[in-house]
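No lab work stands behind these numbers, since they all come straight from the coordinates. Small disclaimer: the values here were computed from a predicted structure and weren't measured. All Cβ positions, even for glycine, are placed from backbone atoms using ideal geometry, and neighbour counts span all protein chains on display.
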Amino acid sequence: MRLLLVEDDRLLGRGLRTGLSQRGFAVDWTETAEDAEAALETTAYDAVVLDLGLPGMDGLTLLRRRRAARDATPILVLTARDTVDDRVAGLDAGGDDYLVKPFALAELQARLRALVRRRAGEAAPTLRSGRIELDPAARTVRLDGAPVALSGREFSVLHDLMLHAGRIVSRGQLEDAVYGWGDEVGSNAIEVHVHNLRRKLGTDAVQTVRGSGYLVPAAPKAPVAP
């Protein structure tokens, strides 16, 4: 899951980048709205954590500009402004959620997972595909109910594929979702991760769509009661 963090407080920014990275998020960090806008023009993010009190262009202006540009990336507004009017302004400008400083890192992580899950159209907190169950909060994977140990990158690849279950995800899209700025990406890194997932979860866990990318089967829909 790739995030854009927009925060001008360097101490907080470093802490958030470290804490979120340790929980499997690929985090790109900018200190200005101008740099954030440039990043959003060129990179697909799963979510944005946006501080409002930024130097130069403020966070509300960036938020309005992105929504005016039809950018639907989920945006969590992160700010020290805690009045009702401030919260209403952030939400009405296009924010999807609001968190007031100081806050618990665990709550930020949970809110981000919820934003990404809702954007993918998933109501349940766990993801399922065939015999596989993935819990994003606990960062666990089970096959037929038994735990399976995955590396951090393997988990991230599987998570992104399961968020898009039933749809083809290209290698480039997987790289964008799993790796942030400065991460070294081998030319066959995604292929290696997919190979390892098949070895651990079964050859049918991840399908290759030749020339297009990868796919995990969507879970069957529950029958509608008459």
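To the nearest 0.05, what FRET efficiency results for Trp181 and Ala219 with a Förster distance of 25 Å applied to their C-beta separation? Result of the calculation: an efficiency of 0.15.
The slack in the chain from Arg142 to Glu34, taken as 0.36 nm per residue of separation less the alpha-carbon distance, amounts to 34.7 nm.
For the listed peptides 203-212, 88-97, a ranking on the average number of other beta carbons within 10 Å per residue, highest first, reads 88-97, 203-212.
A simple spin-label model places the labels of Lys101 and Ala44 3.2 nm from each other, with each point 7 Å out along Cα-to-Cβ. Placing pseudo-labels 7 Å out from each Cα toward the beta carbon at Ser151 and Asp92 gives an inter-label distance of 5.0 nm. Comparing Ala138, Ala80, Ala114 in a Gaussian network model of the chain (Cα springs below 10 Å), the most mobile by mean-square fluctuation is Ala138. Secondary-structure-derived ellipticity at 222 nm for the chain, considering helices only, amounts to -12000 deg cm²/dmol, per-run term -39500 (n - 2.57) for DSSP H runs with n ≥ 4. Taking amide H as placed 1.01 Å from N in the peptide plane, the amide H of Leu5 sits under 5 Å from that of Asp28, Trp29, Thr30, Val49, each at least 5 places away or on another chain.
Have a look at Val206, Gly90, Trp29 and report the one farthest towards the positive end of the charge dipole of the chain, computed about the Cα centre with Cβ charges (Lys/Arg +1, Asp/Glu -1). Most positive-ward Cα: Val206. Residues of the range 76-96 falling in the label zone of Arg64, defined by backbone nitrogen less than 14 Å from a point 7 Å along Cα to beta-carbon, are 89-95.
DSSP finds beta bridges in the chain, and of those with both partners inside it, around 45 percent are antiparallel.
The modelled label-to-label distance for the pair Thr208/Arg10, using points 7 Å beyond Cα in the direction of Cβ, is 4.6 nm.
Estimate the FRET efficiency between Asp135 and Glu191 by the formula 1/(1 + (r/R0)^6), using the beta-carbon distance for r and 35 Å for R0, to the nearest 0.05. The value I calculate is 0.85.
What the Cβ-Cβ distance of Thr83 and Ala110 gives, at R0 = 25 Å and to the nearest 0.05, is a FRET efficiency of 0.55. Listed values for the range 139-150 are Karplus-derived 3J(HN,Hα) couplings in whole Hz (6.51 cos²θ - 1.76 cosθ + 1.60, θ = phi - 60°), namely 6, 10, 10, 10, 10, 6, x, 9, x, 10, 7, 10, and x replaces Gly and Pro. Couplings 3J(HN,Hα) of the range 91-101, computed from phi: 6, 5, 6, x, x, 9, 7, 9, 9, 9, 6 Hz, in residue order, whole Hz [Karplus 6.51 cos²θ - 1.76 cosθ + 1.60, θ = phi - 60°; x for Gly and Pro].
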